[in-house]
Amino acid sequence: SPKQNDQRGYPSPVIDRNGRFYVTHLTSVTGFGSVTGVGVNYSTDRGNTWSSTVQIVNDVNADRSVAGTDDSPVSPYYGNVYSAWTTSATTPSTGRASRTTDGGATWSTPFTLNPAATGRNTLAHDIASGPNGEVYVIWTMALQTGSQTEDYVGFAKSTNGGATYSTTNNAFDINGIRSSSFNGWGIAANGFARIAVDKSNGPRRGYIYIVTSQQN
């Protein structure tokens, strides 16, 4: 990750159509200080040098930022870079999203990605693009009380390059493994989900795959 004094964690690297490197991350005023929001650094020379941090959003409640890019040459949005994160500025927590269409120099005004769900916190997004420029964002919805395990997976789809999304907080049910001491072993664990899309020319082109951890 680029050497900046405002790194605060959750780095998410991605490379766009032009070979430009991006790392989105939480930001702070000083190295590993209090969270100030989500930012990004980019490199036009394969990581040898990096831009100063471009602030995507100022939000002291931001968490778990992630980045993705449209890597389909036939997409009208080829090269767009997308970012999503959670915020506990709302109770329950919800997701936010933004995009850049100019190589990371400017980012769209962040908007609420999914509505709040009673008794469930939005956690840990992931992003993938489809063969025709579709943008898919997923997240897990965790119980606010008790075990705080992941209860279902949310899903959002954009067909206009990340300008707007249609969303559902409950695409399918899960029973996650979230714990600060899984099975009493003192090991933190989570059931956050990951997504991938088949962009081959095979019979399953466009298929969406989501994986996550669960128990019982």
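The values are calculated or read from the model by the stated rules, or taken from the named source; none is laboratory data. Because the structure is predicted, anything quoted here is derived from the model rather than measured. Glycine also receives a Cβ, built like all others from the backbone with ideal geometry; neighbour counts cover every protein chain displayed. Each accessible area value is taken on the protein alone, full model and side chains, heavy atoms only, with ligands, DNA and RNA left out. Shrake-Rupley method; radii C 1.70, N 1.55, O 1.52, S 1.80 Å.
Under a 1.4 Å probe, what is the accessible area of the stretch 62-216 per residue, stated in Å²? Present the calculation step by step, with values, prior to reporting the outcome.
Working: 6960 Å² over 155 residues.
Computed with neighbouring chains in place, this is 45 Å² per residue.
Could you sort ILE210, ILE15, ILE56 by their accessible area in this structure, using a 1.4 Å probe and putting the largest first?
Working: ILE210 50, ILE15 95, ILE56 15 Å².
Result, largest first: ILE15, ILE210, ILE56.
Can you give the longest run of the chain that contains no trypsin sites (Lys or Arg not before Pro) sitting in a DSSP loop with at most 13 other Cβ atoms inside 10 Å?
47-203
Are there any chymotrypsin sites (Phe, Trp or Tyr not before Pro) in the stretch 1-52 that are in a DSSP loop and have at most 13 other Cβ atoms within 10 Å? List them by number. Please list the in-between numbers first.
Numbers: sites: PHE21, TYR22, PHE32, TYR42, TRP50; in loops: PHE32, TRP50.
For chymotrypsin sites (Phe, Trp or Tyr not before Pro) across the stretch 1-52 that sit outside H, G, I, E and B with at most 13 neighbouring Cβ atoms in 10 Å, the list reads PHE32.
ALA171's amide H: which non-local residues (gap 5+, or another chain) put their own amide H closer than 5 Å, with H modeled 1.01 Å from N in plane and none for Pro or chain starts?
VAL153, GLY154, PHE155
When only Cα pairs under 8 Å and 6 or more residues apart are kept, what is the percent relative contact order across the chain?
Relative contact order comes out at 13 percent.
What span do the alpha-carbon atoms of the chain cover on each of the three principal axes, reported in whole Å from largest to smallest?
50, 46, 30
Treat every Asp and Glu Cβ in the stretch 85-216 as -1 and every Lys and Arg Cβ as +1, leave all other atoms uncharged, and give the resulting dipole magnitude about the Cα centre to the nearest 20 debye.
About 140 debye.
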